[in-house]
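See structure below.
The values are calculated or read from the model by the stated rules, or taken from the named source; none is laboratory data. It should be emphasised that the depicted structure is a prediction, and the values quoted were computed from it without experimental measurement. Don't worry about glycine lacking a Cβ; one is built from the backbone with ideal geometry, like all the others, and counts go over all protein chains shown. Protein only, heavy atoms only, side chains kept; ligands, DNA and RNA dropped before computing areas. Shrake-Rupley method; radii C 1.70, N 1.55, O 1.52, S 1.80 Å.
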Amino acid sequence: MRQRSRQIVKLDDVAQRAGVSPSTVSLYIRQPERVSEKTGKKIQTAIDALGYVHNKIASQFTGGQSSNMAVVLPSLANTFFSHVVQRIESTVSAHGFQLSIASHDHSLDKEEEQIRSILQWSPAVIAIAGADHKPSTLKMLHNSGVPVIQMWQVDGGTFAAQVGNDHEKIGYAAACYLLETGCSKPAYFTTRFKDDIRARIRYAGFCRALEERGKTPLLVDIPSGDNIWQGSREILMKTLVKERGLDGIFCTSDSIATALLMEAQARGISVPDQLSILGYGDFPSSAWLSPVTLSSVNLNADEMAVRTAEMMLKMSNERTYKGEVVDIGFEIMPRGSTRLPF
């Protein structure tokens, strides 16, 4: 494998900006309590301004290539995320790499901390979720010299390497599908709407489709909690009573959609004749639910994993390869919970 430099912003750059010696910067990084408060503030200001990340490996030895890769994602509880990461790990480990995994629970502050920690070990490649990140996080990534792949989203972002879906198109297509299958008043059911960036982008596409047809979008943000199944089931009847005529739902996950399907059946609501339910993610269980199977949006998880792993391996081996944008597309899977298109 070809050796490559990882640290673009060097310790000497920090020292020069802070007006101290490189040894003082090194001491501050290793033992900050041994540096005066005044000098420490100057050094930390320089570190923040430059987006410097201390290379722990370089401090121990030089030369060679990192055998570590990393993936930072919003949730490990999501079946889709965990499936993709498992496939990536299987591929890169077969080529001698170890995959580090971090989950930030949709917190950009926590994501910044995790990425800073990962970059300290100078991974061969790092993959991150989506296009929305703190400016300080982007500065760290761009200045680290570590190749970055943006996963799960290709509609936005500043990185040349992207593998994922266009979420605005997904939301638009989901709304069109519900309307074309006979729904006159569809709603968008989600949770933690403020935190889930890609859910907000899908909702924008959902709204665009409805507004083009002169309809008013309806958003239902399920209160977050430890049990999304309970929260989803409890809110369905409240929404149906409040929003008379609601006859279609697009959910931000198959977990929410399955919970709504269970509650509808328990309440004697005929699915899909009275209420159509469309999920997102196409979980393995969705096609095998009984008595009604769940329609869902399939995100081509296997292709996402394969293309991401291939790109990670190529970027680790070829210094000049900057990656590419790969839109893996999606497919709406019609099943029992929605009516067939006219």
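Taking the stated definitions as given, is Ser270 touching a Gly at 6+ places or on another chain (Cβ under 7 Å), modelled with pLDDT of 95 or more and of a type in the set (S, T, N, Q)? Even if it seems obvious, please write down each step before you answer.
Numbers: touching a Gly at 6+ places or on another chain (Cβ under 7 Å): no; modelled with pLDDT of 95 or more: yes; of a type in the set (S, T, N, Q): yes.
Criteria not met by Ser270.
Take the residues in segment 215-268 that are among the polar types (S, T, N, Q) and in a helix (DSSP H, G or I), then tell me which one is surrounded by the fewest Cβ atoms within 10 Å (Cβ to Cβ).
Residues of segment 215-268 that are among the polar types (S, T, N, Q), as a first pass: 216, 224, 227, 230, 232, 239, 252-253, 255, 258, 265.
Still in the running and in a helix (DSSP H, G or I): 230, 232, 239, 255, 258, 265.
Values: Gln230: 12, Ser232: 25, Thr239: 16, Ser255: 22, Thr258: 24, Gln265: 14.
Step by step, filter segment 215-268, then rank; the result is Gln230.
Evaluated against (1) open to solvent by less than 30 Å² (accessible area, probe 1.4 Å); (2) assigned to a helix (DSSP H, G or I); (3) not charged (D, E, K, R), Thr45 falls short on exactly one condition, (1). Within this structure, Phe80 fails the test of being open to solvent by 80 Å² or more (accessible area, probe 1.4 Å), modelled with pLDDT under 95 and among the hydrophobic types (A, V, I, L, M, F, W, C). Suppose we keep only residues that are open to solvent by 40 Å² or more (accessible area, probe 1.4 Å), free of Cβ contacts under 8 Å to residues at least 40 places away in the same chain and not β-branched (Val, Ile, Thr) within segment 93-104. Which one would you say is nearest to Ala127 (Cα to Cα)? My answer is Ser100.
Within the option set Gly145, Gly130, being on the phi > 0 side of the Ramachandran plot and in contact with a Phe, Trp or Tyr (Cβ under 7 Å, 6 or more places away or on another chain) holds for one residue only, Gly130. Looking only at residues in segment 27-58 that are hydroxyl-bearing (Ser, Thr, Tyr) and touching a residue at least 24 places away in the same chain (Cβ under 8 Å), which one is farthest from Ile115 (Cα to Cα)? Out of the qualifying residues, it is Thr45.
So for segment 36-58 (the condition being acidic (Asp, Glu) and more than 20 Å from the chain's Cα centre (by Cα)), does at least one residue qualify? Step through it out loud before you land on a result.
Taking segment 36-58 and keeping what is acidic (Asp, Glu), we get 37, 48.
Now drop any that are not more than 20 Å from the chain's Cα centre (by Cα), which leaves 37, 48.
Yes, the conditions are met somewhere in segment 36-58.
Return the residues of segment 278-304 that are among the β-branched types (Val, Ile, Thr) and within 20 Å of Met151 (Cβ to Cβ); say none if nothing qualifies. Give the steps one after another, and end with the answer.
Step one: filter segment 278-304 for residues among the β-branched types (Val, Ile, Thr), giving 292-293, 297.
Within segment 278-304, Val297 is the sole residue that qualifies.
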